[in-house]
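The block underneath contains the structure these notes are about, expressed in structure tokens.
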Amino acid sequence: MHRLRTCAARLRPLTAFQNAPSFSQQRTVVTPGALRTFQPFRCYAAPVAAEPFLNGTSSNYVEEMYYAWLENPKSVHKSWDIFFRNANTGAPPGSAYQSPPPVGVSLSGLSQAQALVGAQPNVEKLVEDHLAVQSLIRAYQVRGHHIAKLDPLGISCVNFDNAPLTIGSHQSGFYGLEEADLDKVFRLPTTTFIGGSESALTLREIIRRLEMAYCQHIGVEFMFINDLQQCQWIRQKFEKPGVMQFTLDEKRTLLTRMVRSTRFEEFLQRKWSSEKRFGLEGCESLIPALKTIIDKSSENGVESVIMGMPHRGRLNVLANVIRKELEQIFCQFDSKLEAADEGSGDVKYHLGMYHRRINRVTNRHITLSLMANPSHLEAVDPVVQGKTKAEQFYCGDSDGKRVMSILLHGDAAFAGQGIVYETFHLSDLPSYTTHGTIHVVVNNQIGFTTDPRMARSSPYPTDVARVVNAPIFHVNADDPEAVMYVCNVAAEWRATFHKDVVVDLVSYRRNGHNEMDEPMFTQPLMYKQIKKQKPVLQKYAEKLIAEGAVSRQECEEEIAKYDKICEEAYNRSKDEKILHIKHWLDSPWPGFFTLDGQPKSMSCPSTGLNEEVLSHIGQVASSVPVEDFTIHGGLTRILKGRATMVQNRSVDWALGEYMALGSLLKEGIHVRLSGQDVERGTFSHRHHVLHDQNVDKRTCIPMNYIDPNQTPYTVCNSSLSEYGVLGFELGFAMASPNALVLWEAQFGDFHNTAQCIIDQFISPGQAKWVRQNGIVLLLPHGMEGMGPEHSSARPERFLQMCNDDPDVFPKITEDFAVRQLYDCNWIVVNCSTPANYFHVLRRQILLPFRKPLIIFTPKSLLRHPEAKSRFDDMLPGTHFRRLIPEEGSASQNSAGVKRLIFCTGKIYYDLTKERRTRGLEDTVAISRIEQLSPFPFDLVKAEAEKYPQAQLLWCQEEHKNQGYYDYVKPRISRTFNNTCPVWYAGREPAAAPATGNKKAHLVELERFLDTAFNPDAFQNQS
């Protein structure tokens, strides 16, 4: 009885069961007529074997059914009638239930044992006990993990007192069960598998088996999942007796993996004791955990695994999971070595790796990729998902059976970083799902110096995973066999249901945050316990030796064998004269950088197209290529307008984009456009997805009807996320160079919530990790009186991160324009014409390399009558124009031009309008710098030299401390050896990017346009 009361204190019953009225309370007799409305019971043939007790109100139903039966035995199902008759005679649950009589046999013909109606109290006790056992089993399934022995240190501070549904326990026994009930036999419900082949067990055995299943070194959270099949699957995996059995070979393999994981860290500690390496000490079982997941996944048909992880344990994972050459890892510790590859490189515990090898357990080929990751711990999560989705797409793996992802997390970051939540919410979206990710949390029970009580508001760091109904398997990391079992189950779950699953390795961190950190400053009690803690390898080896699975000599030989491997690799690493960062590449593009075995030339062909192709794509863009498809009336007008433009050989912004993307699809290039509301376009200009006005969810994508042999076009509205979705698209673009991947911000202003991806991956990605990427960012930008959050894409931020030198005028060569692009870290443009937008998109693919492309796209220019281009600007022989010079009357009167205004983007149209108004077409030239970075020094120089008498002026609509001025001014000045001043016309410096007052916006515009054309504006400036 003490054991029952202990369980009652620890495993609190569910609210619904506790609050259910007892038999001693006021009861309402249900009439036979009313009872017929209780439909749940109509579908159960057997009262005890059925599952009506799963919800908390079933005790009411059974009680009401019982009293209805007392009033009229014919008002209930025959099986219930027999049950109540037998129970009244005192029959135990195992025999009270009898199959209903055959059709045509009346109850009067049953045996006396099946027809007796006895005392009421026996039935009450029987029903109460039956419900109590159901409640008991469910309580273990729901809350068994609360009392599982998960913490290897035994000091867990996880607090469930404030957890939802936690209530006080009964004081009089456990669910009304008493000590005398321990040896009573109870029939088991279908919602448990603890009986194995047995259908009934004593209460004592039920409790023992439930504790073995849910309260040892594994804690399972799954009862929040609203799918019965999935819950039953998990119950079977953990409740069935004898499931956690391992063969001798499996135990030996596990020991070998533990040896490699442990001794690798010890070897690094001996050789480089003063180096940071963020070792795995305290969670060495991570290595066999990952290898188990990979083995089981390979067995289930997976051919490629893409992984992302923070820095803790990365070198060990590279060495013992990915199988990076040890000498290359050791080489990274030599501070005197310099990288032979271009770029800055990165610290060794940020680098990635790509390796295709044979899995020795399954004898199947498997490709493993560990992606490079910055110190922003969870930033890699959506990038991994995007790359996984791309590989699935390119190999036709529509169900995720061949390509999968594994994400590793730290406990503090998993709970604290919002990108984790954003990534989870991509998991089931049609255009983003990777069909299940296995998440492994290395749970140190501390984040740097912050303990969990100060780091999260939920009991577990993994609670965020509950939002997508992912099962969570907590496991004591000091029990390698439990870890191995849980990882096998996780891999099977992913293969079976193609949904996310979490493995929480509850461990500790033997050293501080890094090997140089002193953790005793802030966690003295924890680290006193850690110092006493026996290493997991030692504990597991002793266990196997005690079992007779291995001998002590065999353990020592295995350790000596791996130590020798490390020592030999260390000696070889000294002979490595040059460190090649390319050996650490996680996304190789075989064959892309060469042509016929030779490096590609630094050239780019014309990005123009034949008029027949332009016309054909234009016709598709202005049509509905599906029969009996009703479109919106407003869209009918838009399509007619497109058709008219095609007939007139002109294009607007939307049609220029359509022709660029459609032509690439026709040429075999996959195009993927994603972001918030991109299918229609934030400004209702794009309409790449048409919706039938009469049939729900019936859509048409005309761009997939351009050519029978084209590649498919993917256009997809994203979740309301920038950080997660941009990271995803970046990962997608990493998989192949032969795809144009575009991400569009709803407004350019909102890219700043994805700043981490821009700062850590896109801008420095090639320099740090020798990894090219051709992702395109479309950022709607322009001052149009729409307020401070719908105006600026913050061009100054992108330009500040450009790596070209403002103080160096480059050497102009024949291939200068392409060479500049090759040397830059990314390309920044602000197109003012649809034709130039068309060309820059096509150039992105036709270049012999890949660079990120940042495009500041317009809003008002989408429908501006002057912002149109002719077919002539897009025909063969035409190119993207880095600078569009003055082409009006001023260009014919170069000697008389008094002012040359350089500008970019939309402001050009305001300037030309003001110039016409003032009648200054002959004396003021306006040139548009379309490509801001890399800066077109050669074209700026040629344009300025054309007007020798002109003042040089930069005009922008942005505030002076924002926009382009700080970037272009020193570069224009350097073009003329800093001998020619560059004046400024634009808004004054400000903290906010734009005013929220329309009138104030127009006053500012009028003021700086007056400055731009006022001949005396700069006379008094030095």
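Identify, by number, the condition in (1) outside the structural domain of Ala319 (by TED's automatic domain parsing); (2) of a type outside the set (Val, Ile, Thr); (3) surrounded by 13 or more Cβ atoms within 10 Å (Cβ to Cβ) that Cys566 doesn't meet.
Only one criterion is unmet by Cys566, namely (1).
How many residues does the stretch 518-529 contain that are in contact with a Phe, Trp or Tyr (Cβ under 8 Å, 6 or more places away or on another chain) and touching a residue at least 60 places away in the same chain (Cβ under 8 Å)?
Number satisfying all stated conditions: 2.
Identify the residue in the stretch 773-830 that is under 20 Å from Phe902 (Cβ atoms) and of a type in the set (Asp, Glu) and, among all such residues, is surrounded by the most Cβ atoms within 10 Å (Cβ to Cβ).
Looking at the filtered set, the residue picked out is Glu796.
Just name the residue that is surrounded by the most Cβ atoms within 10 Å (Cβ to Cβ) out of those in the stretch 976-1019 that are among the small types (Gly, Ala, Ser) and over 23 Å from Tyr909 (Cα atoms). Before the answer, list the steps.
Looking only at the stretch 976-1019, we keep the residues that are among the small types (Gly, Ala, Ser), and these are 985-986, 990-992, 994, 996, 1000, 1012, 1017.
When the remaining residues are screened for being over 23 Å from Tyr909 (Cα atoms), the result is 990-992.
Working: Ala990: 15, Ala991: 8, Ala992: 13.
Only one residue fits best here, namely Ala990.
Condition check ((1) out of contact with any Lys or Arg (no Cβ under 6 Å at 6 or more places or on another chain); (2) buried (at least 19 other Cβ atoms within 10 Å of the Cβ); (3) touching a residue at least 40 places away in the same chain (Cβ under 8 Å)) across all residues:
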position	(1), (2), (3)
Thr496	yes, no, yes
Asp504	yes, yes, yes
Lys531	yes, no, no
Ile545	no, no, no
Cys555	yes, yes, yes
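Filter the stretch 740-764 down to residues that are in contact with a helix residue (DSSP H, G or I) (Cβ under 7 Å, 6 or more places away or on another chain) and either of a type in the set (D, E, K, R) or touching a residue at least 60 places away in the same chain (Cβ under 8 Å) (or both), then give me how many there are.
8
Is it the case that the stretch 644-652 has a residue that's of a type in the set (Val, Ile, Thr), under 18 Å from Met874 (Cβ atoms), within 38 Å of the chain's Cα centre (by Cα) and part of a helix (DSSP H, G or I)?
no
Does the stretch 836-862 hold any residues that are within 16 Å of Val671 (Cβ to Cβ), within 30 Å of the chain's Cα centre (by Cα) and not aliphatic (A, V, I, L, M), and which are they?
The answer is Arg842, Arg843, Gln844, Arg850.
Restricted to the stretch 831-855, and to residues that are farther than 25 Å from Ile926 by Cβ and out of contact with any Leu (no Cβ under 9 Å at 6 or more places or on another chain), which residue is surrounded by the most Cβ atoms within 10 Å (Cβ to Cβ)?
Arg850
Filter the stretch 533-543 down to the residues that are assigned to a loop (DSSP other than H, G, I, E, B) and either surrounded by 22 or more Cβ atoms within 10 Å (Cβ to Cβ) or of a type in the set (D, E, K, R) (or both) and list them by number. Working first, answer last.
Step one: of the stretch 533-543, the residues assigned to a loop (DSSP other than H, G, I, E, B) are 533-535.
Listed by number, the list holds a single entry, Lys534.
Hey, could you check the stretch 190-233 for residues that are within 33 Å of the chain's Cα centre (by Cα), surrounded by fewer than 22 Cβ atoms within 10 Å (Cβ to Cβ) and among the aliphatic types (A, V, I, L, M) and say which is farthest from Ala482 (Cα to Cα)?
Leu228
Quick check on my filter: what residues within the stretch 266-309 are assigned to a loop (DSSP other than H, G, I, E, B) and crowded, with 24+ Cβ neighbours inside 10 Å?
Arg277, Gly279, Leu280, Gly282, Cys283, Glu284, Ser285, Val302, Met309
Could you figure out which of (1) under 38 Å from the mean Cα position of the chain (by Cα); (2) surrounded by 11 or more Cβ atoms within 10 Å (Cβ to Cβ) isn't true of Ala549?
Going through (1) under 38 Å from the mean Cα position of the chain (by Cα); (2) surrounded by 11 or more Cβ atoms within 10 Å (Cβ to Cβ) one by one, Ala549 breaks only (1).
Across the stretch 800-816, what is the total count of residues that are over 20 Å from Leu730 (Cα atoms) and either at pLDDT 95 or above or in the same structural domain as Val715 (by TED's automatic domain parsing) (or both)?
Number satisfying all stated conditions: 1.
When only residues in the stretch 345-372 that are part of a strand (DSSP E or B) and out of contact with any helix residue (DSSP H, G or I) (no Cβ under 7 Å at 6 or more places or on another chain) count, which is surrounded by the most Cβ atoms within 10 Å (Cβ to Cβ)?
If we filter the stretch 345-372 for residues that are part of a strand (DSSP E or B), which is where we start, we get 353-359, 364-370.
Right, trim to out of contact with any helix residue (DSSP H, G or I) (no Cβ under 7 Å at 6 or more places or on another chain) and you get 354, 356-358, 365, 367, 369.
Working: Tyr354: 18, Arg356: 11, Arg357: 11, Ile358: 11, His365: 12, Thr367: 15, Ser369: 26.
Residue satisfying both the conditions and the ranking: Ser369.
For the stretch 740-764, what are the residues that are buried (at least 22 other Cβ atoms within 10 Å of the Cβ) and farther than 15 Å from His376 by Cα?
The answer is Leu740, Val741, Leu742, Trp743, Glu744, Ala745, Gly748, Asp749, His751.
Could you please tell me which pairs satisfy a Cβ distance under 7 Å, a separation of 6+ or placement on different chains, a first residue in the stretch 139-154 that is closer than 19 Å to Asn443 by Cβ, and a second residue that is of a type in the set (Gly, Ala, Ser) and surrounded by fewer than 23 Cβ atoms within 10 Å (Cβ to Cβ)?
Pairs that qualify, where the first residue is closer than 19 Å to Asn443 by Cβ and the partner is of a type in the set (Gly, Ala, Ser) and surrounded by fewer than 23 Cβ atoms within 10 Å (Cβ to Cβ), are Leu150/Ser156.
Looking only at the stretch 498-520, filter to residues that are part of a loop (DSSP other than H, G, I, E, B) and in contact with a strand residue (DSSP E or B) (Cβ under 8 Å, 6 or more places away or on another chain); which one of those is modelled with the lowest pLDDT?
Ser507
Kindly indicate whether Ser601 is in a loop (DSSP other than H, G, I, E, B), farther than 19 Å from Phe871 by Cβ and of a type in the set (Gly, Ala, Ser).
Here the answer is yes, as Ser601 does meet what is asked.
Would you check if Ser719 is touching a His at 6+ places or on another chain (Cβ under 8 Å), of a type in the set (S, T, N, Q), part of a loop (DSSP other than H, G, I, E, B) and surrounded by fewer than 23 Cβ atoms within 10 Å (Cβ to Cβ)?
yes
What do you reckon, is Gly313 buried (at least 22 other Cβ atoms within 10 Å of the Cβ), under 24 Å from the mean Cα position of the chain (by Cα) and among the small types (Gly, Ala, Ser)?
Taking the combined requirement at face value, the residue satisfies it.
Among the residues of the stretch 653-704, write down those that are farther than 22 Å from Val613 by Cα and among the β-branched types (Val, Ile, Thr).
Within the stretch 653-704, Val678, Thr682, Val695, Thr699 qualify.
Mind telling me which of the residues Ser405, Ser457, Ser375 ends up being of a type in the set (Gly, Ala, Ser) and crowded, with 24+ Cβ neighbours inside 10 Å?
That would be Ser405, the only listed residue that is of a type in the set (Gly, Ala, Ser) and crowded, with 24+ Cβ neighbours inside 10 Å.
Of everything in the stretch 661-709, what is of a type in the set (A, V, I, L, M), part of a loop (DSSP other than H, G, I, E, B) and more than 28 Å from Thr607 (Cα to Cα)? Give them in sequence order. Break it down into steps so the answer makes sense when it comes.
Keep residues of the stretch 661-709 that are of a type in the set (A, V, I, L, M), which gives 661, 664-665, 669, 671, 673, 678, 689-690, 695, 701, 703, 706.
In the following step, the residues that additionally are part of a loop (DSSP other than H, G, I, E, B) were identified as 669, 678, 689, 695, 701, 706.
Answer for the stretch 661-709, where residues must be of a type in the set (A, V, I, L, M), part of a loop (DSSP other than H, G, I, E, B) and more than 28 Å from Thr607 (Cα to Cα): just Val695.
Residue-by-condition table, conditions (1) modelled with pLDDT of 95 or more; (2) among the basic types (Lys, Arg); (3) crowded, with 24+ Cβ neighbours inside 10 Å:
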site: Thr857; (1), (2), (3): yes, no, yes
site: Arg863; (1), (2), (3): no, yes, no
site: His879; (1), (2), (3): yes, no, no
site: Pro885; (1), (2), (3): yes, no, no
site: Asn893; (1), (2), (3): no, no, no
site: Ile901; (1), (2), (3): yes, no, yes
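The values are calculated or read from the model by the stated rules, or taken from the named source; none is laboratory data. All values derive from a computational prediction rather than experimental measurement. Reconstructed Cβ throughout: ideal geometry from the backbone, glycine too, with neighbour counts over all protein chains shown.
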